[in-house]
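Asks: Questions regarding the structure given below will be posed in turn.
The values are calculated or read from the model by the stated rules, or taken from the named source; none is laboratory data. Predicted, not measured: the structure shown is a model, and the values here were computed from it. Note: ideal-geometry Cβ built from the backbone for every residue, glycine included; neighbour counts use all protein chains shown.
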There are 2 protein chains.
Amino acid sequence: MAHKRMAEFEDYLRMESVSTENRQIPETVAYVKGLIERTGGEVQVLDDLGGNPVIYGYFKASPQGNSERTLLFYNHYDVQPSDPLEEWRTEPFEPTVVDGVLYARGVSDNKANFMARLNALSLLNESGGLSCNVKFLLEGEEEIGSPNLGKYIEKYADLFKADACIWEAGSKDKYENYVVSAGMKGIAYFDLEVDTANIDIHSSMAAIIDNPAWRLIHALESMKNSKNEIVVDGFYDGIPPLSDKDKAAAAAQPFDAKQVAEQYGLTGKFITEGTAVSPTEALAFYPTMTVCGFSSGYTGPGIKTVLPRSAKAKLDCRLVPGQSPENVHESLRRHLDAHGYEDVRLTMIAAEGAQRTSVEDPFIEMVVQTAQAVYGDKNPVVVSPSMAGTGPSELFEKYLKLPIAGVGAGWAHSGAHAPNENVRLNDYYENIAHMVHLMEVFGR
Amino acid sequence: MAHKRMAEFEDYLRMESVSTENRQIPETVAYVKGLIERTGGEVQVLDDLGGNPVIYGYFKASPQGNSERTLLFYNHYDVQPSDPLEEWRTEPFEPTVVDGVLYARGVSDNKANFMARLNALSLLNESGGLSCNVKFLLEGEEEIGSPNLGKYIEKYADLFKADACIWEAGSKDKYENYVVSAGMKGIAYFDLEVDTANIDIHSSMAAIIDNPAWRLIHALESMKNSKNEIVVDGFYDGIPPLSDKDKAAAAAQPFDAKQVAEQYGLTGKFITEGTAVSPTEALAFYPTMTVCGFSSGYTGPGIKTVLPRSAKAKLDCRLVPGQSPENVHESLRRHLDAHGYEDVRLTMIAAEGAQRTSVEDPFIEMVVQTAQAVYGDKNPVVVSPSMAGTGPSELFEKYLKLPIAGVGAGWAHSGAHAPNENVRLNDYYENIAHMVHLMEVFGR
């Protein structure tokens, strides 16, 4: 039964809804609208605040159900670009099943999850009706950083009002555990630049003329010391202490140090080694400050005796709840000024807040228990207290004030954002079963 | 009289003796040999130790002269490449005079100086003969770092034996002072590299995986602090204290801070400001440690959330007498190892020792006095106790053990290594006059 809407699923995968290339957005919106309507839902296409439309979908609880309870599904109808095309073994926008695996751009991120949720609704409609209200929020700009989503959620907070939210994506981990994510880190991404001259200068002049590369090196090391400790006053302000349950959730997550080291070809130890923090705790709960790039002067082969005129760095701070991009920005600016680096320009070019639902929240426990009922011992369910990555979930928390859990039909090799993106059909069917069971329980 | 060999000078400038492109080297060697022979000298072309030939020239003191005294001229017959061609207003290898300025690739560096010395010898031959022996050493690899010169000087130390040496080049400074250089800094130029992984990694993993950019930032800042102090044990070992005369020579050099700041568009203060060291003292007498380049990760526009796999830097240390590239290399390696940076690879890719003749040396005083007699008040003579730049003069000091002074026919805008390289004909004539007078006095 679960696969009866495969034709529609495949048509949806054929929509080339690449937001960064502005491809087939209106067609995809129309198609999604039809999908929801054919499932028996109401639809509103919201486009009054700019950007690609935000789609609202609504399914009312059956008369026997609980009309006081509303579950919100967040999805996005846009996908990543498909390049590098030459690395695809199938056509990115022609869904192809090989050995039980469905390949297509956007299938794991996140069209399969949306279709699984619709399929679950179809099944519930056929077997006695919905036990709760269900809403959808589908946006079309997730892959370009959700620049307009906040405005829509704020304005339409009443429309999207719900008691809990299931996030757009999720995967089994590399140990085949089904993962329930309870949060995401935030991000504050900065360009740092310092100029000391108009032109590159012969390096013999370094005896008297200052060097922007040295200045930026010293500015950066003043912010994070050689023990990997971030030493910017105010950076950690507002972060609440971890609960024992949070720590236990981190400790319960599998982590195979040897496997991770091999995967990336690491030459050294993990930076958590010798500290009181475990790798899974650090990934979930600790902010980071990462030099993503540094460039200055001559970097080709051989010798060029140049005193550079400028130096640039890119700095990525992953944030945790309690921090805000704005506060982090201010703390970095204050730090630079206080340490004599007024001339180092600091520009925040990306900002998203962190969001974390407590692992003790009843909704997280419900998602876990309903998953355990479906996945059993074959795929143990683990709770990721916070993903190491970033998404717009803080906007949902801020304006809708609800708990959020991330689950989905992916697996460790789904390759979101990569060539040969795929979902195993069995994972897809199982995810439908989980969504059915979750909606049944949610309305009780 | 001084310009009677202009036709030969121009033919010499037509030789496209670009060592880095291996152009017209044999033709140029043959031409130089002919020039020396037509001036009445003996020639040996030395090519038994590899590389472009080293030319030995010899002019014996006249019977009335002092056969006990020998002056060595160092020159090189190779030149820089002429690109960027589109910035030349004349043909680089077609010497062209415009308003009393002679334009050609290699004219200031250093074909005019060689021709001035030959012209001076012609004039002395015509007017009573040489008062001392004169030798020439011309190499053909100066513009590629003189990689073979040391072997030739060591093997042929007896052949090139002399009492003093006039260096290949020199210029009036931007204040129109005629400059006598008494030394050059050395150089130790390093590639630093650190790898932490096989592949670039998503920056969310920075919570547990080390970052090569941070490692290199911390390794570098451990070597030179934010006060621009080099704090590597052993780096300064062997440097003798400055004499009062050295300090006085530095103090006597003109330095227009405002002009230098404008020339380069400097945004900050000189790093000597607030220290006990003056700019001219720092340029002449203090070693440097310069980041010439730094690259890691993503450095394009916008956001890429990457944890880089590797980081590279280029580090240029200018050295002073007492230091050696090898000792500096060892001190840096020891420092990195002692500070936990065993994984930072350090490769010395250029090495030349420093050389400095005391400003109190009688030869320097003789060069200054003979210059003063020629240039008078119009172009005051200043002694540069050491140029901020680098050349192979340490090899001459090591194997020939003689004082070295640098003078030449250039001016502040001669543009050695740049398009539209030029020499003012008046400077050329004056330099010939200086060489005549110096050789007269040297034999006394």
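Table: residues versus (1) closer than 23 Å to A:Ser226 by Cα; (2) acidic (Asp, Glu).
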{"residue": "B:Arg309", "(1), (2)": "yes, no"}
{"residue": "B:Asp316", "(1), (2)": "no, yes"}
{"residue": "B:Val328", "(1), (2)": "no, no"}
{"residue": "B:Arg333", "(1), (2)": "yes, no"}
{"residue": "B:His339", "(1), (2)": "yes, no"}
{"residue": "B:Val344", "(1), (2)": "yes, no"}
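Asks: While we're on this one: Do we find a residue being more than 12 Å from chain A (Cβ to nearest Cβ), polar (S, T, N, Q) and in a helix (DSSP H, G or I) anywhere in segment B:321-328?
Replies: yes
Asks: Out of the residues in segment B:329-350 meeting the condition of being buried (at least 16 other Cβ atoms within 10 Å of the Cβ) and in a loop (DSSP other than H, G, I, E, B), tell me which one is farthest from the other protein chains (Cβ to nearest Cβ).
Replies: Taking the candidates together, the pick is B:Val344.
Asks: Kindly indicate which of B:Thr305, B:Thr272, B:Thr267 is at pLDDT below 95 and more than 18 Å from A:Ser296 (Cα to Cα).
Replies: So the residue among B:Thr305, B:Thr272, B:Thr267 that is at pLDDT below 95 and more than 18 Å from A:Ser296 (Cα to Cα) is B:Thr305.
Asks: Could I ask something else about it? So how many residues does segment B:125-142 have that are in a helix (DSSP H, G or I) and under 13 Å from B:Tyr74 (Cβ atoms)?
Replies: The total comes to 1.
Asks: Which number in (1) surrounded by 21 or more Cβ atoms within 10 Å (Cβ to Cβ); (2) within 14 Å of chain A (Cβ to nearest Cβ); (3) not acidic (Asp, Glu) marks the one condition that B:Pro301 misses?
Replies: All conditions pass for B:Pro301, except number (1).
Asks: Are any residues in segment A:125-137 in contact with a helix residue (DSSP H, G or I) (Cβ under 6 Å, 6 or more places away or on another chain) and of a type outside the set (Gly, Ala, Ser), and if so, which ones?
Replies: A:Leu130, A:Cys132
Asks: Taking the residues in segment A:287-298 that are facing another protein chain (nearest Cβ under 7 Å) and buried (at least 22 other Cβ atoms within 10 Å of the Cβ) as candidates, determine which candidate is farthest from B:Phe190 (Cα to Cα).
Replies: Within segment A:287-298, the match that is farthest from B:Phe190 (Cα to Cα) is A:Thr288.
Asks: Any chance segment A:196-203 includes a residue that's touching a Cys at 6+ places or on another chain (Cβ under 8 Å) and either buried (at least 22 other Cβ atoms within 10 Å of the Cβ) or over 26 Å from A:Pro419 (Cα atoms) (or both)?
Replies: Looking through segment A:196-203, at least one residue is touching a Cys at 6+ places or on another chain (Cβ under 8 Å) and either buried (at least 22 other Cβ atoms within 10 Å of the Cβ) or over 26 Å from A:Pro419 (Cα atoms) (or both).
Asks: Also: Being among the aliphatic types (A, V, I, L, M), in contact with a Pro (Cβ under 9 Å, 6 or more places away or on another chain) and part of a helix (DSSP H, G or I) is the filter here, so list the residues in segment B:351-366 that pass it.
Replies: B:Ile364
Asks: So, in segment B:210-222, of the ones that are part of a loop (DSSP other than H, G, I, E, B) and surrounded by fewer than 24 Cβ atoms within 10 Å (Cβ to Cβ), which residue ends up farthest from the other protein chains (Cβ to nearest Cβ)?
Replies: Among those that are part of a loop (DSSP other than H, G, I, E, B) and surrounded by fewer than 24 Cβ atoms within 10 Å (Cβ to Cβ), it is B:Ser222.
Asks: What residue, among those in segment A:22-70 that are within 22 Å of the chain's Cα centre (by Cα) and at positive phi, is surrounded by the fewest Cβ atoms within 10 Å (Cβ to Cβ)?
Replies: The residue in question is A:Asn22.
Asks: Scan segment A:1-13 residue by residue and report those that are surrounded by fewer than 16 Cβ atoms within 10 Å (Cβ to Cβ) and either farther than 27 Å from A:Leu130 by Cα or small (Gly, Ala, Ser) (or both).
Replies: Within segment A:1-13, A:Ala7 is the sole residue that qualifies.
Asks: Can you find a residue that is over 19 Å from A:Asn75 (Cα atoms) and either at pLDDT below 95 or away from chain B (no Cβ under 14 Å) (or both) anywhere in segment A:389-408?
Replies: no
Asks: Looking for whichever is out of contact with any helix residue (DSSP H, G or I) (no Cβ under 6 Å at 6 or more places or on another chain) and part of a loop (DSSP other than H, G, I, E, B) here; the options are A:Ser82, A:Ser108, A:Ser122. Which one fits?
Replies: Going through A:Ser82, A:Ser108, A:Ser122 in turn, the sole match is A:Ser82.
Asks: Now for a different question. Within segment A:151-196, take every residue that is assigned to a strand (DSSP E or B) and of a type in the set (Val, Ile, Thr) and give me the one that is nearest to the chain's Cα centre (by Cα).
Replies: The extreme case among them is A:Ile187.
Asks: Limited to segment B:349-406, what total is found for residues that are basic (Lys, Arg) and more than 22 Å from B:Glu326 (Cα to Cα)?
Replies: Matching residues across segment B:349-406 total 1.
Asks: Can I ask one more? Any residue at all in segment A:47-55 that is outside any strand (DSSP E or B), of a type in the set (Asp, Glu) and closer than 28 Å to A:Gly128 by Cβ?
Replies: no
Asks: Scanning for something over 26 Å from B:Thr196 (Cα atoms) and of a type in the set (Ser, Thr, Tyr), does segment B:324-339 turn up at least one residue?
Replies: So far as segment B:324-339 goes, yes, one or more of its residues are over 26 Å from B:Thr196 (Cα atoms) and of a type in the set (Ser, Thr, Tyr).
Asks: Hey, among the residues in segment B:118-177 that are among the aromatic types (Phe, Trp, Tyr) and touching a strand residue (DSSP E or B) at 6+ places or on another chain (Cβ under 6 Å), which one's surrounded by the most Cβ atoms within 10 Å (Cβ to Cβ)?
Replies: B:Trp167
Asks: Go through (1) touching a residue at least 24 places away in the same chain (Cβ under 8 Å); (2) surrounded by fewer than 16 Cβ atoms within 10 Å (Cβ to Cβ) one by one and return the number of the condition A:Asp377 breaks.
Replies: Going through (1) touching a residue at least 24 places away in the same chain (Cβ under 8 Å); (2) surrounded by fewer than 16 Cβ atoms within 10 Å (Cβ to Cβ) one by one, A:Asp377 breaks only (1).
Asks: List pairs: first in segment B:88-112 and closer than 11 Å to B:Gly415 by Cα, second among the small types (Gly, Ala, Ser) and modelled with pLDDT of 95 or more, Cβ under 6 Å, 6+ apart or cross-chain?
Replies: Partner pairs satisfying both residue conditions: B:Ser108/B:Gly410.
Asks: Something else now. When you scan segment B:243-286, how many residues do you find that are in contact (Cβ under 8 Å) with a residue 40 or more places away in the chain, in a loop (DSSP other than H, G, I, E, B) and surrounded by 17 or more Cβ atoms within 10 Å (Cβ to Cβ)?
Replies: 2
Asks: State yes or no: is A:Arg309 surrounded by fewer than 24 Cβ atoms within 10 Å (Cβ to Cβ), among the charged types (D, E, K, R), within 11 Å of chain B (Cβ to nearest Cβ) and in contact (Cβ under 8 Å) with a residue 12 or more places away in the chain?
Replies: yes
Asks: If I ask for residues that are of a type in the set (A, V, I, L, M), buried (at least 21 other Cβ atoms within 10 Å of the Cβ) and not in a loop (DSSP other than H, G, I, E, B), which ones from segment B:383-431 would you list?
Replies: If the condition is that a residue be of a type in the set (A, V, I, L, M), buried (at least 21 other Cβ atoms within 10 Å of the Cβ) and not in a loop (DSSP other than H, G, I, E, B), then B:Val383, B:Met387, B:Ala388, B:Leu400, B:Ile404, B:Ala405, B:Val423 are the ones that fit.
Asks: If you check B:Ile239, B:Ile199, which single one turns out to be assigned to a loop (DSSP other than H, G, I, E, B) and at the interface with chain A (Cβ under 7 Å from one of its Cβ atoms)?
Replies: B:Ile199
Asks: Evaluate segment A:351-361: report whether one residue or more is under 27 Å from A:Pro254 (Cβ atoms), within 14 Å of chain B (Cβ to nearest Cβ), in contact with a Gly (Cβ under 9 Å, 6 or more places away or on another chain) and among the hydroxyl-bearing types (Ser, Thr, Tyr).
Replies: Checked segment A:351-361: no residue is under 27 Å from A:Pro254 (Cβ atoms), within 14 Å of chain B (Cβ to nearest Cβ), in contact with a Gly (Cβ under 9 Å, 6 or more places away or on another chain) and among the hydroxyl-bearing types (Ser, Thr, Tyr).
Asks: Can you say whether B:Ser358 is closer than 21 Å to B:Phe73 by Cα and either modelled with pLDDT under 90 or surrounded by fewer than 19 Cβ atoms within 10 Å (Cβ to Cβ) (or both), as far as the supplied structure shows?
Replies: Criteria met by B:Ser358.
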